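*Asks:* Pasting a structure below so you can have a look.
The values are calculated or read from the model by the stated rules, or taken from the named source; none is laboratory data. Only a predicted model underlies this, so the values are computations on that prediction, with no experimental measurement involved. Because the Cβ atoms are built from the backbone with ideal geometry, glycine has one as well, and the counts that use them run over all protein chains shown.
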Amino acid sequence: MYKEIIVCILVVILIFSMDILSNNYTKKVFYSINENLGNLRNEMLKENKDVNQINDDIKKVEQEWNKKLNLLSCYIEHNELEKVARQLTLIKGNIEVGEYNQAVPQLDDCVYVINHIKDKESLLIRNLF
């Protein structure tokens, strides 16, 4: 009986520690992507837009997303990750044709979805029930 209790406690500790590690990684990745998207948004809203800087920013966001996607997909729902990928594709498409005014709302939607995923994956009481 004593051994079973110890094993159960160790399993619970392992589960909570892995959740904390994954949550910290998710927050770090999404903070970095949100920061890059914020820089991209600011550049698109300027009067004198630097097209090269905008293209560099969207490439940077896309590369970072693709680099982190494999690990994120291990513990985050795929349909949530696909929503972010879809928004990034729409933003990139609008930037390529020069429709910056249409890319900004899509960028805001992308940030909203990212923040939603981050909140959803947090270990909070409201997420447990």
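*Asks:* Would it be correct to say that residue 66 is in a helix (DSSP H, G or I) and modelled with pLDDT of 90 or more?
*Replies:* Values: in a helix (DSSP H, G or I): yes; modelled with pLDDT of 90 or more: yes.
Yes; evaluated as a whole, the condition is true for this residue.
*Asks:* So in region 71-128, with the set limited to residues that are of a type in the set (Phe, Trp, Tyr) and at pLDDT below 90, which one is nearest to residue 52 (Cα to Cα)?
*Replies:* So the residue we want is 100.
*Asks:* What's the total number of residues in region 90-125 that are among the small types (Gly, Ala, Ser) and closer than 20 Å to residue 75 by Cβ? Reasoning before the result, please.
*Replies:* Kept after step one, since they are among the small types (Gly, Ala, Ser), are these residues of region 90-125: 93, 98, 103, 122.
Next, from what is left, pick out any that are closer than 20 Å to residue 75 by Cβ: 122.
Residues flagged as among the small types (Gly, Ala, Ser) and closer than 20 Å to residue 75 by Cβ within region 90-125 amount to 1.
*Asks:* I need the full set of residues from region 40-78 which are surrounded by 12 or more Cβ atoms within 10 Å (Cβ to Cβ), free of Cβ contacts under 8 Å to residues at least 24 places away in the same chain and closer than 16 Å to residue 30 by Cβ, in order please.
*Replies:* Result: 69, 73, 77.
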